[in-house]
Amino acid sequence: MTSTLPVPEPHQSDSANTDANSLSWEEELDSAIFSFEDIQTELNYKQAQTALRNLVANLDLTPQEKTGLETEIADLETMLGKLDRMVVQIAAFGMVGRGKSSLLNSLVGQTVFETGPLHGVTRTAQTVNWSISEEAIGETERALRVTLPGVGQSQVKLIDTPGLDEVDGATRAVLAEQIAKQADLILFVISGDMTKLEYAALSQLREAGKPIILVFNKVDQYPEADRMAIYHKIRDERVRELLTPLEIVMAAASPLVKTAIRRPDGTRGIQLRTGNAQVEELKLKILEILHREGKALVALNTMLYADVVNEQLIERKLMIREQNANQLIWKAVMTKALAIALNPVTVVDILSSVVIDIALILGLSKLYGFSMTEAGAVQLLQKIALSMGGIGASELLANLGLSGLKTLLGISATATAGVALGPYISVAVTQGGVAGVSSYGIGQVTKVYLANGATWGPDGPKAVINRILANLDETSILNRIKDELLHKVRLRK
């Protein structure tokens, strides 16, 4: 006979405890995930700080290379300060009369930005709790910047800009570029259906990849039906390819409210007064973005801009170094060509060629910031000479053959009182020209090698040298050398 143990009926309290435990576990899991995201964001932020600080500290630019890049270098230091102080920059962008300044004032909760055009308005920081500054944009326009204290050391900067239609096309492009590189969040303000100019400017800003909130301002000026019709037109047609519906909000920064008044004569009338700003939806949207991706946004935007500036700095550095390298190479080419042309002794010709080539390699290595010994320069010259093949052999044959002929013609010129001087000069110039072409090739190869970080790359030296020589116009270079050499030789007669 078997018996079964009684199974207790589940109590309501047990079920409630189970649900509570499950909910508690889910909350803890969510909290743990959120904490992990916070940690990852903080790590990314610190990495951005470190990377930018190293970039600023290791610019390695000569005074000549810094010329013309002062603004970009200053911007890098500004961006580093922005990271260190945890600054979030919000910029308002739009045409005149769209209510940009009023919108920013309503966010601040105080009249900080003057409403109307920004031209010629004097602004001071004496009557407000926020620091105010102006920033030049283009040659004539200025943007107004207000800094609000945030939590801890963090700051929020609001930037008011000239109207799109206040500036010419060139300044407008500069304005959009400046905002795109500086702002972490852009408020694009309209007050009705979009114009072509507004759409073009919004498209340009969208390409920068920055978060944008399209603010349909002054909605209080439209009846409900008209307001919604304009909103749907903008959302479903105008910006469908640029923004999602979640990136569009409606606002009334400075709504006009009809108020009944009693006139001095006792009659009643209607007066328009400024009502309370309707910007709650915009505030929530800004807070949502900053809460969700504030630090990550600042770090990403800063590093994107730093990357652009770094590319400009590198491009400038390489351009100037290449110019200086080409000047150094040509100086060595003509020195070698002249030395070979004027020297009748074959052994001395060969030795002077090697000495000048080694000096050229050492000069180029110093220019590109590499420390190289004479022994290292000799090894590099040997590797280049072996890989160059044709040009190196031509120079050797020219030195061996033409030096002997040049010596005989030199003796003949002396014996004939200068009658054989013409053929001597012709041979000397040809020999010097061939030697110069050789040095030119060596210099160009060395320049590429050093610009590539003193490496030949995966293809090895022979492939690199062959590519350079394939693009070398030896005839043109030889003729140029011979022309300059002939001029110099005749001056020495």
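Side notes on the structure shown:
- Violating pairs (Cα-Cα greater than 19 angstrom) within the set K210/K295; K317/K462; K366/K447; K383/K447; K317/K447; K181/K295: K317/K462
- Euclidean distance of C-alpha centroids, region 51-84 and region 293-343, integer Å: 16
- Interchain or long-range residues, amide H under 5 Å from L256's placed H: G275
- Straightening the chain between L197 and D165 buys 10.7 nm, computed as 0.36 nm per residue apart minus the Cα-Cα spacing.
- Computed packing ranks the peptides 235-246, 433-444 as 433-444, 235-246, most packed first, by mean other Cβ atoms within 10 Å.
- The packing ranking, built from the mean of other Cβ atoms within 10 Å per residue, places the peptides 260-273, 453-466, 86-99 in the order 86-99, 453-466, 260-273, highest first.
- From phi via Karplus (6.51, -1.76, 1.60), per-residue ³J(HN,Hα) for region 371-382 in Hz, x at Gly/Pro: 8, 10, 7, 4, 4, x, 5, 5, 4, 5, 4, 4
- Least to most buried among E288, E166, E114 (fewest other Cβ within 10 Å first): E288, E114, E166
- Each residue of region 191-208 was assigned a 3J(HN,Hα) from its phi angle through the Karplus curve 6.51 cos²θ - 1.76 cosθ + 1.60 (θ = phi - 60°); the sequence is 9, x, 4, 6, 8, 4, 5, 5, 5, 4, 5, 5, 4, 5, 5, 4, 5, 6 Hz, with glycine and proline shown as x.
- Each of Y305, Y449 was scored by other Cβ atoms within 10 Å of its Cβ. Listed from fewest to most, they are Y305, Y449.
- Cα centroid of region 173-217 to Cα centroid of region 247-291, whole Å: 24
- Using a simple spin-label model with pseudo-atoms 7 Å out from Cα toward Cβ, Q327 and R273 lie 7.2 nm apart.
- Packing-based exposure ordering (other Cβ within 10 Å, fewest first) of T274, T171: T274, T171
- Reachable lysines from K283, criterion Cα separation under 17 angstrom, eight or more residues apart if same chain: K100, K157, K218
- Positive minus negative residues near T259 (Lys, Arg vs Asp, Glu; Cβ under 15 Å): +4
- Summed residue charge, Cβ within 9 Å of P211's Cβ, Lys/Arg positive, Asp/Glu negative: -2
- Modelled FRET efficiency - R0 51 Å, R262 with K233, Cβ distances, 0.05 increments: 0.75
Readers should treat all values here as calculations from the given coordinates under stated rules, not as data from a laboratory. Fair warning: this is a prediction, and the values are worked out from it, not measured in the lab. Every residue, glycine as well, gets a Cβ built from its backbone with ideal geometry; the counts of neighbours run over all protein chains shown.
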